Amino acid sequence: MPGRPPRLTRPTAAVALALTLALGSGCSADPTDETAPAASEPTSSSPSASPAEPAVPVVRTRTRTGSVTGRIPKDTRKVVVHRVSGVVDEWLEAAYVGGTYPRTTFGRSWPGFTIGATRTARGDRDLMSNADLGERIDGVTVKRREITVDLLAVAGTARAATARVHLTFTTSGTERKVTVTGRLFLTRKNARWRVFGYDVAKARV
């Protein structure tokens, strides 16, 4: 696989969070961390072709419910999965498949990340966005876009989530096939779901 190995951001913190939540603790993965500025509820979106260009089939995000640890009502589970996948899908859009190319700016590629996770992702910007390709390509076409959400529930309430991601796209200008896979770890803070860690790999062909 080209490039550097996957970045693992505080994997032990993710495990610790799950364990402490299961025990009913109010501890977070990073007690010194704060959430990023609040934004409106994210919604899934996909780029559409320009009227002057041939129509390209839109690949919409496919969302699934994965494993659920603990009890949570089915209707509530659907709502939580929708909200968690919305946060993750907004990242995919901002970091990889949305926007105008060529470009060199990717500073807003991590909506929905905590301040600490955003800081780490900036250091991993070639992995966590298209910063490595942005100025050499003129477009992105999505081939596969999937999010599977695993939940941890305590007393009927979802307290933590892991989003498993698979994104495949091709680029024009410089022709590449890129696959982004891995996991994002989320917790609910101030009534919103936020990404506090990740374990992501990016492969270019």
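The values are calculated or read from the model by the stated rules, or taken from the named source; none is laboratory data. If you're wondering where the values come from, they're calculated on a predicted model, not measured in any experiment. Methodologically, a virtual Cβ is constructed for each residue, glycine included, from the backbone with ideal geometry; neighbour enumeration extends over all protein chains shown.
Screening residue 127 on (1) touching a residue at least 12 places away in the same chain (Cβ under 8 Å); (2) assigned to a loop (DSSP other than H, G, I, E, B) shows it passes everything except condition (2).
One residue is enough: does segment 57-70 have a residue meeting the conditions modelled with pLDDT of 95 or more, in contact with a Lys or Arg (Cβ under 8 Å, 6 or more places away or on another chain) and closer than 30 Å to residue 173 by Cβ? Checked segment 57-70: at least one residue is modelled with pLDDT of 95 or more, in contact with a Lys or Arg (Cβ under 8 Å, 6 or more places away or on another chain) and closer than 30 Å to residue 173 by Cβ. Taking segment 112-159 as the range and being among the hydroxyl-bearing types (Ser, Thr, Tyr), closer than 25 Å to residue 59 by Cβ and touching a strand residue (DSSP E or B) at 6+ places or on another chain (Cβ under 7 Å) as the test, the residues that pass are 141, 148. Residues considered: 191, 155, 203. Of these, the only one that is out of contact with any helix residue (DSSP H, G or I) (no Cβ under 8 Å at 6 or more places or on another chain), at pLDDT 95 or above and surrounded by fewer than 17 Cβ atoms within 10 Å (Cβ to Cβ) is 203.
On the given criteria, is residue 106 crowded, with 17+ Cβ neighbours inside 10 Å, in contact with a strand residue (DSSP E or B) (Cβ under 6 Å, 6 or more places away or on another chain) and of a type outside the set (Gly, Ala, Ser)? No, not satisfied.
Residue by residue, here is whether (1) over 26 Å from residue 171 (Cα atoms); (2) part of a loop (DSSP other than H, G, I, E, B) holds:
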| residue | (1), (2) |
| --- | --- |
| 78 | yes, no |
| 92 | no, no |
| 100 | no, yes |
| 104 | no, yes |
| 116 | yes, no |
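Among the candidates 135, 146, the residue that is farther than 27 Å from residue 74 by Cα and either without any contact (Cβ under 8 Å) to a residue 24 or more places away in the chain or of a type in the set (Asp, Glu) (or both) is uniquely 135.
How many of the residues in segment 88-107 are within 16 Å of residue 195 (Cβ to Cβ) and touching an Asp or Glu at 6+ places or on another chain (Cβ under 9 Å)? Counting residues in segment 88-107 that are within 16 Å of residue 195 (Cβ to Cβ) and touching an Asp or Glu at 6+ places or on another chain (Cβ under 9 Å) gives 0.
Of the set (1) under 16 Å from residue 204 (Cβ atoms); (2) polar (S, T, N, Q); (3) in contact with a Gly (Cβ under 8 Å, 6 or more places away or on another chain), all apply to residue 76 but (1).
Against the numbered list (1) surrounded by fewer than 17 Cβ atoms within 10 Å (Cβ to Cβ); (2) in a strand (DSSP E or B); (3) of a type in the set (Val, Ile, Thr), residue 174 comes up short only at (2). In this structure, residue 164 does not satisfy being surrounded by fewer than 16 Cβ atoms within 10 Å (Cβ to Cβ) and either modelled with pLDDT of 95 or more or out of contact with any helix residue (DSSP H, G or I) (no Cβ under 8 Å at 6 or more places or on another chain) (or both).
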